[in-house]
Each structure stands twice: as structure tokens, then as C-alpha cells.
1. Can you list the HN-Hα couplings for segment 167-177, worked out from phi with the Karplus curve (6.51, -1.76, 1.60; θ = phi - 60°), rounded to whole Hz and with x for Gly and Pro?
2. Using only C-alpha positions, report the orientation-averaged shadow area of the convex hull of segment 63-178, nm², one decimal.
3. If I take all pairs of Cα atoms in segment 177-264, what percentage of them are more than 18 Å from each other?
4. Please list, in chain and number order, the residues 5+ apart from residue 113 or on another chain whose amide H is under 5 Å from its amide H, with Hs placed from the backbone.
5. What are the ³J(HN,Hα) values, in whole Hz, obtained from phi via the Karplus relation 6.51 cos²θ - 1.76 cosθ + 1.60 with θ = phi - 60°, for each residue of segment 153-164 in sequence order, with x given for Gly and Pro?
6. Going through segment 58-154, which GluC sites (Glu not before Pro) have at most 11 other Cβ atoms within 10 Å and a DSSP loop state?
7. Kindly write out, for segment 255-261 in residue order, the coupling ³J(HN,Hα) from the Karplus curve 6.51 cos²θ - 1.76 cosθ + 1.60 (θ = phi - 60°), rounded to whole Hz, with x marking Gly and Pro.
8. Please report the spacing between the Cα centers of segment 61-117 and segment 146-219 in Å, no decimals.
Amino acid sequence: MAISGTPNRRLLGLALLVVLTLVPGSWQWTGPWASGDPQPPPRPQRPIGDAAERAPARSSLDDAPAEVITLLDEVLARMPPAGSGVAESQFYHWTVPGAPTQAALGIKGVPGVDPDALIRRVMEVDGYEGRLAHVLVNESRSAPAEDPPDRVVFTQRINVPGITQVQHELELVDAGTIRGYRVAYWFLLPEDTAALDPSFGARSEANVGVWLAAPGVVGYAFHSWPRRDDLNRFQWFSLTTGAAVVARQIVERNIDDMANWARQ
């Protein structure tokens, strides 16, 4: 694996793999990160939980945790209208009060992407190993189903070369269609994650994210950080402050890998 930059930046780049499970690539970015403009586009007038904004047959936001609703609210404020596509890749990041890391969103034009196929692949958690880099363990708690489920709980452990391994228990939900986007979101199971053996890797303190797909466009957003007491000072810096150095490349590669898998 080749990552451009100085040795320190290469190491910090690998650190962000903990939360994204992927490796960086190259991407032309626009938006606040590139321009220096910290202001997002105008926010929507209605909250994302409004039933009028969701497909009634297959939407699972009613029981979504508060951190999912908060992230989705920020994400949908920045996504283009479904069906309009994007001319250039975009990257946004924003500070969350009290958190040691920023939340991030990447939006990329992916010609020919099938939104349903992409979300089906997202839900196939038992297939991540070997397709997403540095994933050591990715196992659903129940036996793999013939068809991807609408909701799945799984264990994930990731190797971050030269830093540590990070592990967590997550729940992933296919939320149906929201404002024209096929959506899947995940969130941390804190008690199950805390019960994991720290000798196998640092445990996540927070981990929430969302996939969005519409014809011609894919979005990926996340916000996460590890438990401070499971890491030494260097590890903590690398996985929090240092991780922001290559966040945009990591998000881009994540979208590319999942889109490529969805085409298979």
C-alpha cells in the first residue's frame, strides 16, 4: 500500500482506517475543506424525522438513536437534491461540541450506481473481509442470511499498521428511502463494546455513520473516536487530531470500494 507524504503523515493517514476500514486514494475536492469557507449550505426547514420526508413502507428512523438523527440532520443539509447529481466531488467537516474529532461527509458522483445494490452491499457485513482493507474481523452475531437483512448487529476489529487495533460492536440499519436517497446508518453499542477484551485492541468510545445513494451520487458520513484509556498518548493523537489530515482521501476510497463491490 502506497500513501504519499512524509512518514508522519503516512502514519496519521493509516490511523483513520480505524473508523473507515479503508485506505486513502486521490480525489479532487471542493467545498469548505478546500475553499476555507466554514459555512454549510442552507439547512432544511423541516427535521429529518418528519414522516412527510420519508418513504412510509421502509423507513427506520423512528427508533434511531439521537446521535444518528443529529448526524443525518447535518448530512442532509449538505446533500444535493436526489436526482440532481454532482459535478465535482465534495467534502465537508464540522465540529461537534465536546467531541475530540470532527464529523465528516464526502459526496461523490458515481455514474451508473444502483442505489439499492449499493445499500444491499453495505448490509452484507459478513462480506467486508477481503474487500475492505485492514478489516481483521467483521462478523454478524447471527448466521449469515441468504438475503441481506434490514438490521444487523456485528463485531468489527480493524488493524491500523504501526498504531494499534480497534474494535467495536455496531448495529447497522437499512433505513429505506429518505428524501429520495437510499439510506443505511450505523451506531455504536456502548455496553457490548465496553465488554470486549481490550487485549485485542482499543475499544471505540463513539462511532456513528451513514451511507446515502441516489442515481449518480453516493454520500458517506461518519463521526467516531476511540476510548482514551485504551491508548497511549501517541495512539490517541494519531486517531483523533492526526486523523483529520487525510479524512477526505479516506472517505473517497470508502465510496469507491463500496461502489465497485455493488457492481459485482
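Since every read-out is calculated from the coordinates, none of them should be taken as a lab result. Since this is a predicted model, take the numbers as computed values, not measurements. Because the Cβ atoms are built from the backbone with ideal geometry, glycine has one as well, and the counts that use them run over all protein chains shown.
1. 9, 6, 10, 10, 10, 10, 10, 7, 8, x, 10
2. Computed as one quarter of the Cα hull surface, the answer is 9.3 nm².
3. 56 percent
4. Close amide H contacts, sequence-distant or interchain: 216.
5. 9, 8, 9, 9, 9, 10, 8, 10, x, x, 10, 5
6. Sparse-neighbourhood loop GluC sites (Glu not before Pro): 146.
7. Along segment 255-261, the couplings run 4, 4, 5, 5, 5, 5, 5 Hz.
8. After rounding, the separation between the Cα centres reads 15 Å.
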